[in-house]
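The values are calculated or read from the model by the stated rules, or taken from the named source; none is laboratory data. Because the structure is predicted, anything quoted here is derived from the model rather than measured. Note that each Cβ is placed from the backbone with ideal geometry, even for glycine, and that neighbours are counted across all protein chains shown. The accessibility values were calculated without ligands, DNA or RNA, using every heavy atom of the protein model including side chains. Shrake-Rupley method; radii C 1.70, N 1.55, O 1.52, S 1.80 Å.
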Amino acid sequence: MVIITGASGGLGAATARALVAAGDMVVLGSRRPERLASLSDDLGDAAVWRETDVSRRGDMDSLAALALDRFGRIDVLINNAAIMPISLIEQGMVDDWDKMIDINIKGMLYGINAVLPHMLSRNSGTIITVASTASMKAAPTSAVYSGTKAAQRMISEGLRQETNGRIRISTVHPGVMDSDLHASITVPEMRDHALRTMTNALDTKAVARAILYILDQPPEVELNEVVMRRGGDIF
């Protein structure tokens, strides 16, 4: 049974579809209930959903409780929810910075906190966080976004060492991806630039396949980091 945050579109929805096609059950969380309901209807009895804002600790606790109530166990958490309102620091988009920190970093931590006791009690489980190649390289417009993604990478690595093989920890770093992230960009010229870069973007279905590949490994094997780019991409 797999919990997916940010499941109402983009990579989250593509991963949910791929998992159900492979025979898994999914619990879907997102701030867009109408889209969640539609996706869940498409997936049938293999999916349940709950409106979830990952920046609220209680929402993540509630999503985990739904999973345990419906399926009795949580095998996988996919921390996928994120926003990317890129800007220059000198533009002072402080509200955007706060939202990125709340969703990208605190949302990840709230998800981990919601499932970790259950997984450790069973000595079994997998936590996958979708970060970005921006975790490894910053651009003039991505300083804060890259900072949140680098934080995700370090949190995953620290958790991997802390859990010491009791559960599996993986981080996926896609490059430019055909997703909904551009919708969170509030500066028009930055949004236009992001849309132009998406002409050579990774297909979310390809990234979803990589996530399934991580999960298909033997229980004793951790694929700790998977970096994905389109050929020739420099970011």
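Observations
- Acute angle (nearest 10 degrees) that the helix 143-163 long axis makes with the longest principal axis of the chain, alpha-carbon atoms: 30
- Average accessible surface area per residue within the chain, 1.4 Å rolling probe, Å²: 46
- Local electrostatic count at R191 - Lys and Arg +1, Asp and Glu -1, tallied over other residues with Cβ under 14 Å: -3
- Shape of the stretch 110-235, Cα gyration tensor, a/c cut at 1.5: prolate
- Close amide H contacts of A47 (hydrogens built in the peptide plane, cut-off under 5 Å, sequence separation of 5 or more or a different chain): V26.
- Taking every protein chain into account, the 1.4 Å probe leaves E189 with about 110 Å² of accessible area, to the nearest ten.
- Between helix 10-21 and the chain there is an angle of about 30 degrees, using the helix long axis and the longest principal axis of the Cα atoms.
- The H on the amide N of N79, modeled in the peptide plane, is under 5 Å from the matching H of I128, T129, V130, each at least 5 residues off or on a different chain.
- Gain in span if fully extended, A22 to K137, counting 0.36 nm per residue against the direct Cα distance: 38.0 nm
- Net length available on complete extension from S121 to V227 is 35.1 nm, with 0.36 nm assigned per residue and the Cα-Cα distance removed.
- Under the simplified labelling scheme, the A206-E34 pair shows an inter-label distance of 3.2 nm, with each label point 7 Å from Cα along Cα→Cβ.
- For the chain, calculated [θ]222 nm from helices alone, where every DSSP H run of n ≥ 4 adds -39500 (n - 2.57): -14000 deg cm²/dmol
- Of the accessible area of the chain, computed with a 1.4 Å probe over protein heavy atoms only, carbon and sulfur atoms account for 50 percent.
- Estimated FRET transfer efficiency (D41, T197; beta-carbon r; R0 25 Å; 0.05): 0.15
- Listed values [x] 49, 47, 36; [y] 48, 38, 35; [z] 55, 35, 33, entry calculated as Cα extents along the principal axes in Å: [y]
- The angle between the Cα long axis of helix 204-215 and the longest principal axis of the Cα atoms of the chain comes to about 40 degrees, rounded to the nearest 10.
- Cut-off 14 Å between beta-carbons: net charge of the residues surrounding V27, Lys and Arg +1, Asp and Glu -1: -4
- Centroid-to-centroid separation of the stretch 162-235 and the stretch 19-42 [C-alpha atoms, Å]: 19
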